[in-house]
Amino acid sequence: MKEFLRCHAMESMCRQRAAFHPEESWKFLAEAETWKRRALNKISFHFAECNTVESTTPKLHLTA
């Protein structure tokens, strides 16, 4: 979760830099999108990890 927050903070910082440096805003906005994708990947991975249910029952292997 800390990684998600870090990525989100970096995205925000890039967007602020784009606002203060309009001549280079394209570069900072592209970097912000990269950080946004990383944050979304981190949170979706975390969500998947938290919602994974591992069965404790033995698995049966059927043979023909």
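At a glance:
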quantity	calculated
Top-ranked residue of region 22-51 - restricted to ones that are open to solvent by less than 70 Å² (accessible area, probe 1.4 Å) and of a type in the set (A, V, I, L, M, F, W, C), ranked as nearest to residue 1 (Cα to Cα)	43
Tally, over region 1-37, of residues that are within 30 Å of residue 49 (Cβ to Cβ) and touching a Phe, Trp or Tyr at 6+ places or on another chain (Cβ under 6 Å)	4
Hits in region 1-40 (condition: under 10 Å from the mean Cα position of the chain (by Cα) and of a type in the set (Ser, Thr, Tyr))	34
Subset of region 2-21 (residues that are surrounded by 14 or more Cβ atoms within 10 Å (Cβ to Cβ), of a type in the set (D, E, K, R) and free of Cβ contacts under 8 Å to residues at least 12 places away in the same chain)	6, 17
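The values are calculated or read from the model by the stated rules, or taken from the named source; none is laboratory data. Remember, predicted model here, so these are calculated numbers, not experimental data. Every residue, glycine as well, gets a Cβ built from its backbone with ideal geometry; the counts of neighbours run over all protein chains shown. The protein model used for the area step is the full one, side chains on, heavy atoms only, and it has no ligands, DNA or RNA in it. Shrake-Rupley method; radii C 1.70, N 1.55, O 1.52, S 1.80 Å.
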